[in-house]
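Here is the structure we will look at.
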Amino acid sequence: MAKGKKAAATLTPEEKLQQALVPIEEQPYEIPTNWNWVRFDRATINYDSKRIPLSTKQRSALEKIYDYYGASGVIDKVDNYIFDQELLLIGEDGANLLSRSTPIAFLASGKYWVNNHAHTLDSSAITTRTFLCNYINSIDLAPYVTGSAQPKLTQDKMNAIPVPIPPLTEQQRIVDRIESIFAKLDEAKEKAQAVVDGFELRKSAILHKAFTGELTAQWRQEHGVGLNSWVEAPLGDYSTSQYGYTEKSSVDEIGPHFLRITDIQDGKVLWNEVPYCKIDDETKEKYVLSIGDIVVARTGATTGKSYMVMDDVDSVFASYLIRVSISKKELLAPEYLYLFMQSPKYWGQIMELSQGIAQPGVNGKKLQTLTLPVPSMEEQLKIVELANGILPRMDQSKEAAETVLDQIDTMKKSVLARAFRGELGTNDPAEESAMELLKSVL
């Protein structure tokens, strides 16, 4: 036995109490007077030592009736522990300990295995599992995690976590309030997620209408124009294509901006973030970009992604882009072509051209074979006008829904933070202090 330490059996009740309580100087924040800060190992029962090694034959037999849990609830067939009761699982290692992209603690029930990348715990006589689960998911674990390449929450570090302990009745009220608030937030999140998830489908539907004549059906009726005025023709009948310039990019202003595939995000280019390149004046004339030019990614996962130049910026384009320049501007509007390049009809052809190729891609010749529906110039501009009146509003709805999703996650964190400070309006100061419960248990 280490010098200066006494065996648990020889400790007095007062000494046991002092070991269980967190000293004032180590308490993270103030809590209600009838709560107490307690060491984590006093608030939990640890089952990590109950390891049951299994042979291959045993594992095969049990696979049919047992679920598997890894560090954060991920199915994992590493066998170490077998349980048949609800317990609290806390991830032991992995980047999620710090990123908190998903809850690090959760309750598991039923028959399951738990691998050695998770702590398996039960509540003690002074806590409830759901209270502990919510608390662990509310705190910053960084001070207790060791290692950077492979973050790890060891048992010793976990046991050092201070836990605010209210009376048991208050713990249940806190859990009930959290679940009530979270249920409403989850309902709002589900609706916002539906808006985000349905965005591409709604956008595709509008673009389908645009290039089948449905969007401008009323316009044609008002102008006495029939759908037979439309023609189907290859892109090459109206435009030329050209590969970009090969050169290294530079953050130094050694020439014009050098537009690359990676600079095009969600149909936008942040020109102040686009690098530069070295190019002589004669060569630059060949690759300089003008308003109305459309560039298309010709290789990789982004094959077919397009961008229409809308700003008067001194720039040239890189070799993995193809420039489409309209040669018959009296017959095809660049805005109409760019809109078409976002439609299902366009993407269907791009996918077809890329099939059977190990590295997805489309060359200039293939791009020129794309067929597109071409109405009169007047109707093209009307299609662009109507689509541009609808699609931005859809974008705004999607962005608003994404903002709501971010806010909901922030609100949940706020609710959890307030819950364990006694700020949800559930605490009854007249209730017997948690100290009495702690004393009776010790």
Report task. Just report the Cα centroid separation between region 361-427 and region 245-294, whole Å. Result -> 27 Å
Query - Filtered trypsin sites (Lys or Arg not before Pro), region 296-381: DSSP coil and at most 15 other beta carbons within 10 Å - result: Lys328, Lys329
Query raised in the report: Rg/Rh for region 238-317: what does it come to with C-alpha atoms and Rh from Kirkwood?
Result: 0.93
**Report entry** Reachable lysines, given that their alpha-carbon falls under 21 Å from the alpha-carbon of Lys57 and they are not under 8 places away in the same chain
**Finding:** Lys77, Lys111
Report summary line: Taking Cα atoms only, helix 344-354 is inclined relative to the longest principal axis of the chain by an angle, in degrees rounded to 10, of 90 degrees
**Report entry** Cα-based convex hull volume of region 135-204 per residue, rounded to whole Å³
**Finding:** 133 Å³
Report summary line: Which of Lys248/Lys345; Lys157/Lys413; Lys248/Lys286 exceed 25 Å between C-alpha atoms? The answer is Lys248/Lys345
Report task. Return one number: the angle in degrees, 0 to 90 and rounded to the nearest 10, between the long axis of the Cα atoms of helix 168-197 and the longest principal axis of the Cα atoms of the chain. Result -> 10 degrees
**Report entry** In degrees, nearest ten, helix 199-210 long axis to first principal axis of the chain (Cα)
**Finding:** 10 degrees
Query raised in the report: Of Asn34, Asn272, Asn46, which is the most mobile in a GNM of the chain whose springs link Cα atoms less than 10 angstrom apart?
Result: Asn272
Report summary line: Checked region 76-228 against the a/c 1.5 cut and the a/b vs b/c comparison, axes a ≥ b ≥ c from its Cα gyration tensor; verdict prolate
Query - Charge context of Met310, other residues only, Cβ under 12 angstrom, K/R +1, D/E -1 - result: -3
Requested in this report: Provide, for q = 0.17 Å⁻¹, the log10 of I(q)/I(0) from a solvent-free Debye sum over equal Cα point scatterers in region 240-280.
Outcome: -0.48
Report summary line: Looking only at aspartates and glutamates whose Cα falls under 18 Å of Lys329's and that sit 8 or more positions away or on another chain, we get Glu232, Asp237, Asp293, Glu378, Glu379, Glu385
Report summary line: Taking every other residue with Cβ under 11 Å from the Cβ of Gln155 and scoring Lys and Arg +1, Asp and Glu -1, one gets -2
Report task. Report the net charge of residues surrounding Tyr245, where surrounding means a beta-carbon distance below 12 angstrom and charges are Lys +1, Arg +1, Asp -1, Glu -1. Result -> +3
Query raised in the report: So which residue, out of Leu201, Leu270, Leu289, gets the largest mean-square fluctuation from a GNM of the chain using Cα contacts under 10 Å as springs?
Result: Leu270
Query raised in the report: Compactness ratio of the chain: Cα Rg over 2.2 N^0.38 Å, N = residue count?
Result: 1.43
Report task. Using Cα pairs closer than 8 Å and at least 6 residues apart in sequence, work out the relative contact order for the chain, in percent. Result -> 19 percent
Report task. Quick one: which residues, 5 or more positions from Ile165 or on another chain, have an amide H under 5 Å from its amide H? H modelled 1.01 Å from N in the peptide plane, none for Pro or chain starts. Result -> Asn36, Trp37, Val38
Report summary line: With a ≥ b ≥ c from the Cα gyration tensor eigenvalues, square-rooted, and the rule rounded for a/c under 1.5, otherwise prolate when a/b > b/c and oblate otherwise, region 155-246 is oblate
Report task. Choose one answer from Gln368, Gln380, Gln221: the residue with the largest mean-square fluctuation in a GNM of the chain with alpha-carbon springs under 10 Å. Result -> Gln221
Report task. Determine the alpha carbon to alpha carbon distance for each of Lys284/Lys328; Lys184/Lys412; Lys278/Lys328; Lys191/Lys398 and list only those over 21 Å. Result -> Lys284/Lys328; Lys278/Lys328
Query raised in the report: Let a ≥ b ≥ c be the square roots of the eigenvalues of the Cα gyration tensor of region 338-427; is it rounded (a/c under 1.5), or, if not, prolate (a/b larger than b/c) or oblate?
Result: oblate
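FYI, it's all coordinate maths here, none of it is from the lab. All values reported here derive from a predicted model rather than from experimental measurement. For neighbour counting, all protein chains shown are included, and Cβ atoms are generated from backbone atoms with ideal geometry for every residue, glycine included.
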